[in-house]
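A quick write-up on the structure given underneath.
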Amino acid sequence: MRPTGKLHLGNYVGALENWIQLQDEYESFHFIADWHMLTTDLDHTSDISDNSIEVVIDWLSAGLDPKKSPFFIQSHIKEHAELHLLFSMLVTVPRLQRNPTVKEQARDLHLEQNMSYGHLGYPILQAADILIYKADAVPVGEDQAPHVEITREIARRFNNQYGPVFPEPETLLTQFSRLPGLDGRKMSKSLGNTIFLSDSPDKIKKKMMTAYTDPKKIRLTDPGNPDGCVVFAYHQKFSPRDSKQINADCRGGKIGCVDHKKDLARLVAEQFAGFREKRAYYESHRKEVETIIAAGDSQAKKVAQATMSDVYKAMQMG
Ligand code: AMP
């Protein structure tokens with residue numbers, strides 16, 4: 001994850017919750033992608049350190065366990081950059097330009113004519129991030145799937161050229177890869193439509209009251225349409241068992257949006273009660289968090305160094 005600061009429900013549903021499940025099935029590595037942050041946030045580098053700690057506090061509070069899988073900071077493991085350099089020789093510029101995710105970013109950020117070399121090439125850095133741990137699988141949302149494909153191509157190209165060093169990792173697609181924000185667009189910090197995992201019950205309620213619902217349902221008894229209603233989308237995720245009933249009650253004009261919002265705000269707040277308690281602990285024990293990261297750094301570094309040694313041996317360099 002990039003160090004964007006406190007995590008929101010979209011980050012939880014689209015990534016973190018999945019990682020927590022996978023940590024028991026796989027040997028995992030979790031890292032803060034601070035170099036990747038530079039592709040779009042060159043002018044906010046002074047926030048990166050603090051924001052990295054905030055993200056790690058959220059991971060810990062949500063139940064990601066550093067004893068099961070190391071947490072580390074990308075820029076602390078310089079080998080990622082070294083492998084990125086070697087990999088950058090194995091990919092053509094047109095291949096990078098064809099990447100649909102980067103194309104979409106170029107369009108959204110109006111960068112078509114002045115995208116940086118680093119931004120265009122960030123999938124190569126991702127390939128290095130993945131392959132330096134010889135990963136067999138990468139849990140990602142749909143938007144990142146093309147980058148796992150480039151990673152597989154790079155692994156294949158390297159292995160054909162120099163001998164078998166890297167696996168070709170599989171994509172583990174996340175089920176909920178797009179949670180809507182309060183306004184119905186994708187939940188995203190830059191759009192200001194988020195509920196943070198760390199928000200208080202009161203804040204969650206206040207925000208939930210602003211959520212987009214069916215504009216044609218004005219009175220409680222008006223029949224509503226839950227498709228496209230943000231509150232119903234959250235309901236399906238956070239209280240799936242009774243979502244069929246809620247769907248019917250909304251359509252039948254038996255429940256009003258205000259009551260539904262209040263109920264759901266309470267449900268969401270309850271689900272994150274344990275999270276808030278743990279977060280309060282880590283906020284006042286930041287040294288502990290720094291120690292966890294330092295331990296993760298050193299575990300990751302050992303694996304990364306061993307891979308680089310395999311790489312140079314295969315290349316018959318050094
Ligand atoms: P980012 O901060 O954009 O790097 O996101 C970190 C992780 O959260 C990535 O795996 C994203 O795919 C995921 N994510 C971000 N926003 C959402 C959202 N609204 N719905 C689902 N997943 C999301």
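Here are some notes:
- Among the criteria (1) within 12 Å of the ligand (Cβ to nearest atom); (2) exposed (fewer than 15 other Cβ atoms within 10 Å of the Cβ), the one residue 216 does not fulfil is (1).
- Within the stretch 1-26, no residue that is more than 14 Å from residue 196 (Cβ to Cβ) and without any contact (Cβ under 8 Å) to a residue 12 or more places away in the chain sits with its Cβ atom under 9 Å from a residue that is charged (D, E, K, R) and more than 8 Å from the ligand (Cβ to nearest atom) at 6+ positions apart or across chains.
- Residue in the stretch 238-246 that is surrounded by fewer than 20 Cβ atoms within 10 Å (Cβ to Cβ), under 29 Å from residue 70 (Cα atoms) and not assigned by TED's automatic domain parsing to the domain that holds residue 52 present: yes
- The helices (runs of 4 or more DSSP H) found wholly in the stretch 111-207 and carrying at least 1 residues that are touching a strand residue (DSSP E or B) at 6+ places or on another chain (Cβ under 9 Å) and more than 16 Å from the ligand (Cβ to nearest atom) occupy 145-162.
- Enumeration of residues in the stretch 71-94 that are open to solvent by 10 Å² or more (accessible area, probe 1.4 Å) and either among the small types (Gly, Ala, Ser) or in a loop (DSSP other than H, G, I, E, B) (or both): 75, 78, 81, 88, 89, 90, 91, 92
- Test: residue 102 is surrounded by fewer than 19 Cβ atoms within 10 Å (Cβ to Cβ) and out of contact with any strand residue (DSSP E or B) (no Cβ under 6 Å at 6 or more places or on another chain): no
- Single residue of 39, 45, 4 found to be more than 27 Å from residue 306 (Cα to Cα) and surrounded by fewer than 20 Cβ atoms within 10 Å (Cβ to Cβ): 45
Per-residue answers, yes or no, for (1) open to solvent by 70 Å² or more (accessible area, probe 1.4 Å); (2) among the basic types (Lys, Arg); (3) not in a helix (DSSP H, G or I):
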{"position": "254", "(1), (2), (3)": "yes, yes, yes"}
{"position": "267", "(1), (2), (3)": "no, no, no"}
{"position": "276", "(1), (2), (3)": "no, yes, no"}
{"position": "280", "(1), (2), (3)": "no, no, no"}
{"position": "299", "(1), (2), (3)": "yes, no, no"}
{"position": "313", "(1), (2), (3)": "yes, yes, no"}
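- Selection count, the stretch 211-237, where residues are under 14 Å from residue 263 (Cα atoms) and among the polar types (S, T, N, Q): 1
- Verdict on residue 10 being under 17 Å from the mean Cα position of the chain (by Cα) and either buried (at least 20 other Cβ atoms within 10 Å of the Cβ) or of a type in the set (Asp, Glu) (or both): yes
- Hey, residue 170 touching a Lys or Arg at 6+ places or on another chain (Cβ under 9 Å) and surrounded by fewer than 19 Cβ atoms within 10 Å (Cβ to Cβ) or not: yes
The values are calculated or read from the model by the stated rules, or taken from the named source; none is laboratory data. Please read these numbers as outputs of a predicted model, since none were measured by experiment. FYI the Cβ positions are ideal-geometry reconstructions off the backbone, even for glycines, and counts take in every protein chain you see. The protein model used for the area step is the full one, side chains on, heavy atoms only, and it has no ligands, DNA or RNA in it. Shrake-Rupley method; radii C 1.70, N 1.55, O 1.52, S 1.80 Å.
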